[in-house]
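Derivation of every value follows stated rules applied to the coordinates shown; laboratory data play no part. Keep in mind that this is a model prediction, so the values were computed, not measured. We place every Cβ from the backbone using ideal geometry, glycine too, and count neighbours over all the protein chains shown.
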Amino acid sequence: MKFTNKQIDRYSRQIILKKIGVVGQKKILKSSVLIVGAGGLGSPIAIYLAASGVGKIGIVDKDNVQISNLTRQIIFDTKDLKKRKSSTAISKLKKINPSIQLHSFNENLTKNNINIIAKHYNLIVDGSDNFRTRFLINDYCLQNKKILISGAISKFDGQVYTFNFKKKKSPCLRCFIPHMPANPDRDSCESEGVLGTLGGIIGTIQANEVIKEILDIGDTLCGYILIVDGLKLTFRKVKLNKRSDCNCNEKNK
Ligand SMILES: [Zn+2]
C-alpha cells in the first residue's frame with residue numbers, strides 16, 4: 001500500500017507520532033471494525049474511527065432516529081428524525097472520510113446473522129443497549145478469537161472493558177456476569193436515563209482502545225474494567241480475573 005499525498009496530508013498529525021508513523025497509519029487503514037449500535041456510544045466511536053482512517057467500518061442497528069436520541073447520539077441531527085440509523089450514520093461518515101469502506105446493516109444482531117455480518121471484521125466494538133446483544137457478541141468473539149471492546153452507560157456512569165480472545169488469559173463477559181440478568185432486552189438509558197456527555201466520554205475511550213489494539217501500543221485494558229463516575233469524575237481500573245468455572249476456559253485454550 002502506497003500513500004497518496006492527500007492521505008499523507010490527511011493523516012499527518014497521526015503519522016508524525018513516533019508510535020504510529022507511516023507503518024502504524026497503514027495498519028489503521030488496513031483494519032476492519034464492526035460497530036454494534038449507532039447510539040450514544042456508537043456515534044463518537046464511528047466518528048473517531050472514520051476520521052482516524054480505519055479502512056473498513058460496519059455499523060449494525062435496526063432502529064430509526066427518534067427525538068429522544070439527540071441528547072447523545074451526535075452523529076444525527078434534527079433533520080434525520082425517523083430515518084434509518086445505520087445508513088444515516090454511514091452517510092455522515094462518508095462526508096468525514098470519503099476514502100474508507102463503509103457498510104450499514106439495518107438489522108438487529110442475532111445468533112442467526114452474527115456469523116455472516118461479523119466475519120469480515122477483525123475487531124468488534126459493542127455499543128449496544130441490552131444484555132442479550134452483549135452476551136451474544138461476547139460468545140461470538142470468544143468462539144472466533146476476536147477482539148471485543150465493550151462500553152456501557154447509565155445515568156452519570158459508564159464502563160469500558162476489552163476482551164482480547166487472541167490471548168489465552170483473557171477473561172470474558174461471563175467471568176464478570178455469569179448469568180444473563182433479568183430483563184435482558186431492557187435499555188437502561190430508556191428506563192433510568194443518561195446524561196448525554198457520558199456517551200462521548202465512554203465512546204471516545206472505546207475508540208481510543210480500538211486504535212491501541214490495532215497498533216498494539218500502550219497498555220491494553222484487557223483483563224480490566226474501567227469504571228467511570230461522571231459526577232465525582234473518578235476513573236477506576238479494576239482487575240477482572242478469569243473465573244475458573246467459566247466456559248471460556250474450555251473455549252479459549
Ligand atoms: Zn469467561
Worksheet item: Once phi is turned into θ = phi - 60°, what whole-Hz ³J(HN,Hα) does the Karplus curve with 6.51, -1.76 and 1.60 give for every residue of region 226-234, x standing for Gly and Pro?
Response: 9, 10, 10, 9, x, 7, 7, 6, 10
Worksheet item: By DSSP, what percent of the beta bridges with both residues in the chain are antiparallel, rounded to the nearest 5?
Response: 50 percent
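Multiply the residue gap between Asp77 and Ile16 by 0.36 nm, knock off their C-alpha separation, and tell me the result in nm, one decimal place.
Numbers: separation 61, 0.36 × 61 = 21.96 nm, distance 3.36 nm.
Separation in residues times 0.36 nm, less the Cα-Cα distance, equals 18.6 nm.
Quick one: plug the Kirkwood hydrodynamic radius of region 1-80 (C-alpha pairs) into Stokes-Einstein at 4 °C, 1.567 mPa s, and report D in µm²/s.
Numbers: Rh = 14.1 Å.
After rounding, the answer is 92 µm²/s.
Once you keep just the Cα pairs under 8 angstrom separated by 6 or more residues, what percentage relative contact order results for region 59-166? Don't jump to the answer; show the numbers that get you there.
Details: 138 pairs, mean separation 21.3, N = 108.
Once normalised by length, the contact order is 20 percent.
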Worksheet item: Given 10 Å bins starting at zero, what is the percent of C-alpha pairs of the chain in each, up to the one with the largest pair distance?
Response: 7, 32, 38, 20, 3, 0
Worksheet item: Expressed as a rounded percentage, what relative contact order does region 1-121 have, with Cα pairs under 8 Å and six or more residues apart?
Response: 25 percent
Response to the item:
Under 5 Å from the placed amide H of Gly230, counting only residues 5+ away or on other chains, we find Asp157, Gly158
Item to complete: Return the percentage of antiparallel bridges among DSSP beta bridges fully within region 3-124, rounded to the nearest 5 %.
Response: 10 percent
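Can you list the DSSP H helices in the chain whose Cα atoms extend at least 18 Å along the helix axis and whose mean Kyte-Doolittle hydropathy is 0.5 or higher? Walk me through the intermediate numbers first.
Numbers: long enough: 131-144 (19 Å, -0.34); 196-215 (29 Å, 0.76).
In the chain, the long hydrophobic H runs are 196-215.
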Fill in: Reduced Cα scattering model of region 119-194, Debye log10 I(q)/I(0), q = 0.12, 0.15, 0.20, 0.27 Å⁻¹
-0.33, -0.52, -0.87, -1.35
Worksheet item: Dipole size in debye (nearest 20) for region 126-253 around its Cα centre, Lys and Arg Cβ +1, Asp and Glu Cβ -1?
Response: 720 debye
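Cβ neighbours within 10 Å, averaged per peptide: list 79-88, 120-129, 160-169 in order, most packed at the top.
Values: 79-88: 16.7, 120-129: 23.1, 160-169: 19.2.
Per-residue Cβ counts within 10 Å, averaged per peptide and sorted highest first, yield 120-129, 160-169, 79-88.
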Worksheet item: FRET efficiency for Asn112 and Ser91, Cβ-Cβ distance as r, R0 = 22 Å, nearest 0.05?
Response: 0.20
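What does the extension gain come out to for Gln143 and Ile8, with contour length at 0.36 nm per residue minus their alpha carbon separation? Write out the running numbers ahead of the final one.
Numbers: separation 135, 0.36 × 135 = 48.60 nm, distance 3.76 nm.
Fully extending the segment from Gln143 to Ile8 adds 44.8 nm.
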